Amino acid sequence: MSFTLLPRGNEAISINPVASDITIRLTAHGSDWYWAAFCIFAVTALAYIVSAAFVPRMERIFHYSSIGAAFFASLTYFTMASNLGSTGIQTEFSHYMGGGIRQIFYARYVGWFLVSPLLLTNILLFSGVAWPTILFTLSAQEIYVVSALIGSLVSSTYKWGYFTFGVVAWFLVMYHLIFVARVSAKEQGSDVYGHFLVMLCGISFIWTLYPISWGLSEGGNVISPDSEAAFYGVLDIATLPVICSYFVYASRKISVERLGLAFERGFKRPVAILPISEKQAAAESAAGGRHSAETAVNNETAARRLRFLHDFLRWTYFARLLREDNCIYIYRAAIRSRFATTKTIEHAVQLTGSSMQSYLQYRSLRSSILKLVGPDREKKTLDEDWSSSRDSPAPDAVSNAAGSAGVHATPIFSCDYILQKPDSPCQNSSQQIFIVGWDGPDDPANPRNFSIARKIMTTLIVGAIALVVGAASATDAAVLPQAAAEFHVSDVAESLATGIYLIGYAFGAVLAAPFSETLGRNIIYASTLVLFAIFIMGSALTPNIGGQIVLRFFAGFFGSTPLVCAGGSIADLWDQMEKTYAFPIYAMTGFGGPVLGPAIASYVAFGSLSNWRWAEWISLIVAGLVLASVLFLMPETFGPLILKWKAQEIRKLTGDDRYKAELEVTHRTFSMRMKVALVRPFIMATEPIIVLMALYITVLYIVQFTFLDGYTFIFKDVYGISQGLTNICFLGIYIGTLLPGFLIYPIYRITKNDFEKVQAQGRRDLDPEVRLWFGMLGGSISIPVSLLWMGWTDYTSVNIWSPLIASTLFGYGMLCIFLMVYMYVIDSYEIYAASALTLVTFMRYLLSGVMTVVGIPFYRNVGTHWTLTVMACISALLVPLPYVFYKWGNTIRSYSKHAAVKV
């Protein structure tokens, strides 16, 4: 008797069937191959993303194009694996199955149309050929793809005419690669030439087989669609993951400066100038004043429209998203006299700065700078010709404001300190770097000076992100029987969908912090939410358990951002005293996700929607709404990044390159941050505070996530209620998580009194032990009490409200312990708090993910009474922990190399 843990479950063919008259069609075997290829391309894309992170931003041109190609290929193969993107075409020949209507995947050609130009551009840029040659070669390649597509959709013999067009275009591509690009690569040097020859040999051989494959499949109907899938799939895999991966490796060995592809930040020259020609200007001058006046009015109108377009793009998110790489240059209209009666519209302002800057933040920064620079400088910057303004000396007003080299030795803008650089070449003779700081304690650009309403809104948005990714972790558990039945697996095997999601959480949390400390908070929240939504959508569409597990892992991986970045966002906005009520606001919002998820998905499996996959679709819809709030409502809160924007604005408006942000001179690269993020958390695994706190919260999370399986045994089996109503019972825990809100005010008063004592002693920082009050005010003792209460009143003879009230007490204790652990660790380890929280997060989600799979057999074999008793006894051992740390916490921290100690 054979046993398989993950039996076959690919039902894409039956879920997305083709028309009944299509007799030559893809089978489940071909779909399986497409799914395997999709996984290869998706992993390749992620590998390219990780590889790009270790390359300087201005040298990622080949990485970015390779990432795009891999993602387009993943999308293409996902479509074909799902049996979508195809149509039926009558075959010309009857070699296979006697002819008939054959299934043609036009999605394949759409993918080639998008992928092949990226790969070809990479190779041609690497060889150093001229841009006209690149454009011509790309045009020939697109002609080849389009000809093959049209030919495959033609049923008559005329398809071979399109095949001929395609083959001629293919010969042109090969000619330019072999005879033009090869010669150019040889001139670049022996190392470039060697790498190019390797790629050329592989590409030439592989791409020669594509016309042959077309002739055997869509053209001649010689092989089946399954064999066609294998033939094309092998060629595509050999082209993208193999050849392209070698290309990425080779591009890292050759500097982009050698290839003439070095990009620099900042504006170098106008990309496009729209002058009125001298001939036209002379004609206008001869036409008289009326014509000239009309021209001036038209120019003024065009200038206003261009200014509006510039401001709109500058303040919208999508333009700002690309500004980090300085790849959008929009020239604002300015009217400049060229002859006596005519003017020229010139575009001379670049969208500088960094990504994700909101309108209010930008206006605040720029207005504060212009108060010192003066409005004349802004007008000069906007209206003058860029090249002349770069070459000519600055006006007196600007010189007086900015401090020209050798005249002003001190900055006029608020700076934290002046950094001397005697041995480095500087543009200013003073050889100083002015480190830009906030304009005093009330600087409106400082996130801590945002209005209370704006800070609360931002905190709630961060909590909403945590809510949606937390809910997605539990929605699958709510429809576990239906999913297991469709995939023909056991409930234990299907519970892997939840467990692997939590394990993805654990590994994603390790990598999220370095990204947020390099790129800022918002871009990480937005980008990871997009990727999270993509993988949730894939999980909703997956035809088998294997695909669901893989996609759920990556959904958890990219959904882990708020686990480590939320603490940083809250620290950006609130000071030590304010965090006493700000952090509970975030926690009460975000902590409800894992218990609201089952309630949200409680009736989708057998209600009006009647499909368990709607549990994933609901998560996707909510994620889209939260993503919209991030894009349009959430400001950037990472202070060092905002100061970087400020320094860039100062340099742009004054021309003084001495003004720098601390983020620009610390030279902490992303690779350095990544090394710290991967190593330091595990070095801190010997810290007793971290180990005990991590153990405490891990026990609670194990209890919570095993409840996802255990509630079936606790409520459904005992009280005979429906599956949907069983999931509604999770609302008892959610109500409990709201109860700590009543502790905020008294704990705030305690914290305020403690802070006044600290100030009286001449110290500035709160004692971390004040954060333990959430655990001491009933939080720690409520966990074992609630579990024993729930376990030993779980009888048919006892009203169902008894275990429900116990679950409310459990929710109260769980949120109290969460607040205590996070706030105590943050205040205890200060600058090392990110690493400490990373370890805590990694431990609790990794162990919770493993134990989730054990939950069903544990409850089934041991029983609800003793299962909850065992968990209560373990949590009872940790009850004294907050009291012990409150009494001897400072002494324990004195033995630590990383913790802060009260002097």
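What to note about this one:
- Förster radius 22 Å - calculated FRET efficiency between PHE136 and ARG252, Cβ distance, rounded to 0.05: 0.20
- Note on segment 59-139: the alpha carbon radius of gyration divided by the globular reference 2.2 N^0.38 Å gives 1.48.
- Taking 28 Å as the limit for the C-alpha separation, the pairs LYS455/LYS897; LYS186/LYS253; LYS646/LYS757; LYS455/LYS652; LYS253/LYS652 exceed it in the case of LYS455/LYS897; LYS646/LYS757; LYS455/LYS652; LYS253/LYS652.
- Largest to smallest in accessible area, the residues PHE553, PHE41 fall in the order PHE553, PHE41 (1.4 Å probe, all protein chains included).
- ILE223 sits with roughly 30 Å² accessible to a 1.4 Å probe, with DNA, RNA and ligands left out of the calculation.
- Gyration tensor (Cα) of segment 680-902, equivalent ellipsoid semi-axes in angstrom: 35, 19, 13
- Extreme residue, positive dipole direction of segment 680-902, given options ALA899, THR706, PHE742 (C-beta unit charges): ALA899
- Accessible surface for LYS887 stands near 140 Å², nearest 10, in the context of the full protein assembly shown (1.4 Å probe).
- For segment 54-133, the relative contact order comes to 34 percent (Cα pairs under 8 Å, sequence separation of at least 6).
- Order by protection proxy (mean Cβ within 10 Å, highest first), peptides 682-690, 723-731, 184-192: 723-731, 682-690, 184-192
- Segment 100-225: relative contact order as a whole-number percent, Cα under 8 Å and 6+ apart: 26 percent
- Average projection, convex hull of the Cα set of segment 11-259: 12.7 square nanometres.
- Site pair ILE721 and VAL168 shows an inter-label distance of 7.4 nm when each label is modelled 7 Å from Cα along Cα→Cβ.
The values are calculated or read from the model by the stated rules, or taken from the named source; none is laboratory data. Computed from a prediction, not measured in an experiment: that's the story for all the values here. Methodologically, a virtual Cβ is constructed for each residue, glycine included, from the backbone with ideal geometry; neighbour enumeration extends over all protein chains shown. Heavy atoms of the whole protein, side chains included, go into the accessibility calculation; ligands, DNA and RNA do not. Shrake-Rupley method; radii C 1.70, N 1.55, O 1.52, S 1.80 Å.
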